[in-house]
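Okay, structure first, notes after.
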Amino acid sequence: MTTVAPAWSLLENASLHPFNTFHVHASAPRLLRVGDASALPQALAGIGDAPLLVLGSGSNVLLAADPADVVLVFDNRDIDILEHRTDHAIVRAGAGVIWHEMVMWSLAQGLSGLENLALIPGTVGAAPIQNIGAYGVQAGEFIQTVEAWDRQCHDWVRLDQAACRFGYRDSLFKAEPDRYLITAVEFRLPLLHELRLDYAGIREQLQAMAIALPTAADIARAVIAIRQRKLPDPAVLGNAGSFFKNPILPLEQVQLLLQHYPELPTYPGSGAGSRKLSAAWMIEACGWKGQREGDAGVSPDHALVLVNHGSATGSELLAFARRVSASVLEKFGVPIEPEPRLVGAHW
Ligand code: FAD
Ligand code: EPU
């Protein structure tokens, strides 16, 4: 699949309204669009060491202020099969490829692995940043190599899976924001693998669809149906998916909490000594689900999703998020942290 975009272009005073799914109004002094990643060093030459923010679809950012200088958007949308073996293929996708299109394309090629990650908004280039995950799978499991321009060393780098240090909503790239400008991602996708059906809701959805022996493509269809039911569509109601991460706490603290709140859902943590808690459940228990203050609110469909009902500013959404997290801290003694990147503000 090949698309042609200009090598690069620079626009002054660009609106970022189309580049964030909260639909917040903000603008960038300079917007750099790169269609041919090999032209990136040349495109960056005129920018020097100016502060730079990379944006994909803006589905995991909260623009609390205008970015300081340059916003970089990748428009390279090629997907290529680099190797096709009997049991797997190596696929390389440009940073600008829309994630969901990558998932559906891979399934159409008979490749599996990404099916549980269907319908996650955003781009391939952003997928490694927080190691996107859903329905029991994380993208990092299938990422073989991340190609990036290292702004610190002024050189190209190829980072393998171990170097990316993937964790729950975490990676090397979060530790050093804007150092690595990701231009492409290589995936190792199996032709056949053990399907992941255990996340709550998948089996029920397959049953409702009358599918007894699901294929990877069936799982994608089931996940799409669940997501469409549970999550507000950003095209209709501005949001950035889960606004808070599910907190991971030491086992002893979780056991104490469960004595008071036996229904609080918990999941495996980062090892045997910790558990992950449902932030949505705690937010709902604090009475926030469906509430709004001005145009900032919590979705009536999912307590973890903050929404912009119309003209909330980034700082209004942030102030609202702080009130939600303060009440969870007060009731449960558990700090919850934002998942989206905050631009122009600190948590
Ligand atoms: P942006 O929001 O534009 O950027 C996110 C971060 O990545 C920023 O720090 C940005 O600087 C950086 N970045 C982006 N591209 C690059 C690049 N090429 N190089 C270097 N840095 C880059 N996430 C999940 O994990 N699981 C879900 O199930 C999920 N569901 C969602 C549902 C909805 C309705 C919405 C709106 C969001 C959801 N998200 C989910 C969050 C979001 O889709 C992902 O985080 C996605 O990867 C963001 O992609 P993006 O292109 O929009 O990135
Ligand atoms: N729940 C509530 N109230 C709600 C919603 C959920 O109490 O309004 C409780 C229920 O007990 C439910 C549980 O929370 O069973 C889990 O809900 P869900 O399956 O929706 O998962 P989540 O923990 O809320 C996480 C990710 C999502 C991802 C889903 C599915 C985080 C921060 N969020 O949400 O990712 O799609 O699991 O795997 O880990 C995102 O990152 O933006 C995102 C949407």
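Quick look at the numbers
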quantity	calculated
Highest to lowest packing among 337-345, 67-75, 132-140, scored as the average C-beta count within 10 Å	67-75, 132-140, 337-345
Translational diffusion coefficient (Stokes-Einstein; Kirkwood radius from C-alpha pairs) of the range 1-149 at 37 °C, 0.692 mPa s, in µm²/s	200 µm²/s
Electrostatic dipole magnitude of the range 79-190 [Cβ: Lys, Arg +1; Asp, Glu -1; Cα centre; debye, to 20]	160 debye
Stretchable slack from ARG151 to ALA212, in nm (0.36 nm times residue separation minus alpha-carbon distance)	17.0 nm
Spin-label zone in the range 240-260 - amide nitrogen under 14 Å from a point set 7 Å from the Cα of ALA272 along the C-beta vector	251
Value of relative contact order over the chain, rounded to a whole percent, pairs C-alpha under 8 Å and six or more apart	16 percent
Using a Förster distance of 22 Å, the FRET efficiency for LEU82-LEU192 (Cβ separation, nearest 0.05)	0.65
Lys/Arg +1, Asp/Glu -1 at C-beta; the chain dipole; positive extreme among PRO335, VAL71, ALA222	PRO335
Cα-centre dipole for the range 238-343 with unit charges at Cβ (Lys and Arg positive, Asp and Glu negative), debye to 20	140 debye
By average C-beta atoms within 10 angstrom, highest first, the peptides 80-86, 193-199	193-199, 80-86
For the chain, built as a Gaussian network whose Cα springs stay under 10 Å, the top-fluctuating residue of ILE47, ILE224, ILE182	ILE47
The range 8-74: relative contact order in percent, alpha carbon pairs under 8 Å with at least 6 residues between	40 percent
FRET efficiency estimate (nearest 0.05) - Cβ-Cβ, TYR261 to ARG179, R0 41 angstrom	0.50
Hydrodynamic radius of the chain per Kirkwood, over alpha carbon pairs, in Å	21.2 Å
Gain in span if fully extended, GLN253 to GLU293, counting 0.36 nm per residue against the direct Cα distance	11.2 nm
Sum of -39500 (n - 2.57) over DSSP H runs of 4+, divided by residues of the chain (222 nm, nearest 500)	-6500 deg cm²/dmol
Calculated P(r) of the range 238-343 - Cα pairs past 23 Å, %	26 percent
Spacing of the two label points (7 Å from each Cα toward its C-beta) at ASP233 and ASP66, in nm	3.3 nm
Span-rule helices in the chain, defined as complete DSSP H runs reaching 24 Å or more along the axis (Cα) with Kyte mean at least 0.0	314-332
Using a Förster distance of 22 Å, the FRET efficiency for SER38-ALA345 (Cβ separation, nearest 0.05)	0.05
For the chain, size of Cβ-based charge dipole, Lys and Arg +1, Asp and Glu -1, in debye	580 debye
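Read-outs throughout are calculated quantities, based only on the coordinates presented, and are distinct from any laboratory measurement. This is a predicted model, so every value here is computed, not measured. Counting neighbours? That spans all protein chains shown, and the Cβs are built from the backbone with ideal geometry, glycine included.
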